[in-house]
Amino acid sequence: MKYLIVFVLFISFSASAQKETPLLGVCSLEALQIEPYAKWYKPGYENYQPNTTVIDQLKKLKPEKTAIKIVFGSWCGDSKREVPRMIKTLHAAGCTDKNIQLLGVSSDSEVYKQAPNREEKELNVYRVPTFIVYQNNKEIGRINEYPVESLERDLQKIVSGQPYTPSYRGFPQINNWLAQGLLADENVSPRGLADQIRSNINSESELNSCGYVLMARGNIKEAIAVFRTNVYLYPESSNCFDSLGEAYVKAGLNDNALFCYERAVELDPKNENAIAHVARLKEGK
């Protein structure tokens with residue numbers, strides 16, 4: 001009986017370890033068909049039925065000239081739902097596997113949404129999955145996390161050159177600011193940035209996600225600018241001040257961090273993370 005128990009525990013541990021191992025970096029479609037990923041990939045692929053009318057329209061747009069880069073997290077619920085559906089859609093439209101590239105990123109906080117060799121570095125991905133559409137090696141559009149209408153309809157609009165605005169409409173503005181060096185400018189006005197981007201932001205989690213991706217990349221100044229902008233957008237959010245406090249700690253600006261964490265506690269007296277940081281920062285003074 002003892003040996004049986006040990007064997008069962010070993011199998012359970014092995015299955016658990018396998019389940020927790022994410023797919024990272026450039027990977028093949030075949031990798032998704034192997035357990036534990038097949039558990040969500042196969043039914044997701046088989047059960048999705050793309051709209052045949054839209055697929056017929058996509059087939060006429062020369063899919064062989066279109067390439068798709070899929071940045072995803074095998075640990076991410078949205079990726080588990082949308083990636084199999086997108087691949088089924090691409091196959092139905094006549095897109096070959098050689099024109100589909102999969103790039104797995106991490107959920108680890110220190111390398112958040114990064115691939116081992118930093119293949120995602122220039123892609124400016126803040127949510128996963130992100131489906132980036134290319135023609136002639138140039139990006140012509142992307143679908144962020146989930147489709148606006150449906151995967152096949154969104155894809156048809158992008159490939160045909162119709163007007164298309166993806167979900168998380170504030171992300172292009174963030175990317176423009178990054179390209180201009182605006183977010184690294186210590187004199188930048190977060191209140192002014194908030195006014196510019198306000199109409200394109202639906203929830204505090206959008207810029208919060210951007211800030212953490214930037215922070216994991218080591219772009220601390222840029223992350224602070226994004227978090228400060230979010231504070232102006234959501235001044236009553238304990239979580240926004242908590243995130244800004246974390247960025248200030250990483251920048252070594254402990255007085256600023258203490259102010260933010262204290263404000264986070266004022267807004268939410270049950271914010272245990274902020275409470276702990278207030279105590280730690282006061283102790284270090």
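Quick notes on this one:
- The condition (being outside any helix (DSSP H, G or I) and among the charged types (D, E, K, R)) is satisfied by just one residue among 120, 110, 82: 120.
- Within region 85-104, restricting attention to residues that are part of a helix (DSSP H, G or I) and among the aliphatic types (A, V, I, L, M), the residue that is nearest to the chain's Cα centre (by Cα) is 86.
- Within region 120-134, the set of residues being under 8 Å from the mean Cα position of the chain (by Cα) and free of Cβ contacts under 8 Å to residues at least 60 places away in the same chain comprises 128, 129.
- Condition check for residue 105: of a type in the set (A, V, I, L, M), touching a Ser or Thr at 6+ places or on another chain (Cβ under 6 Å) and under 25 Å from residue 247 (Cα atoms): no
- Positions within region 142-166 being under 23 Å from residue 74 (Cα atoms), assigned by TED's automatic domain parsing to the domain that holds residue 53 and not in a helix (DSSP H, G or I), in sequence order: 142, 143, 144, 145, 146, 147, 148, 150
- Segments classed as helices (runs of 4 or more DSSP H), wholly inside region 173-285, with at least 3 members that are free of Cβ contacts under 8 Å to residues at least 40 places away in the same chain, acidic (Asp, Glu) and over 30 Å from residue 118 (Cα atoms): 254-267
- Residue that is farthest from residue 26 (Cα to Cα), among those in region 50-75 that are assigned to a loop (DSSP other than H, G, I, E, B) and free of Cβ contacts under 8 Å to residues at least 24 places away in the same chain: 60
- Filter pass, residue 153 being of a type in the set (Lys, Arg), surrounded by fewer than 14 Cβ atoms within 10 Å (Cβ to Cβ) and modelled with pLDDT of 95 or more: no
The values are calculated or read from the model by the stated rules, or taken from the named source; none is laboratory data. Values in this document were obtained by computation on a predicted structure and should not be read as measured data. Here the Cβ is made from the backbone with ideal geometry for all residues, glycine too, and neighbour counts use every protein chain on show.
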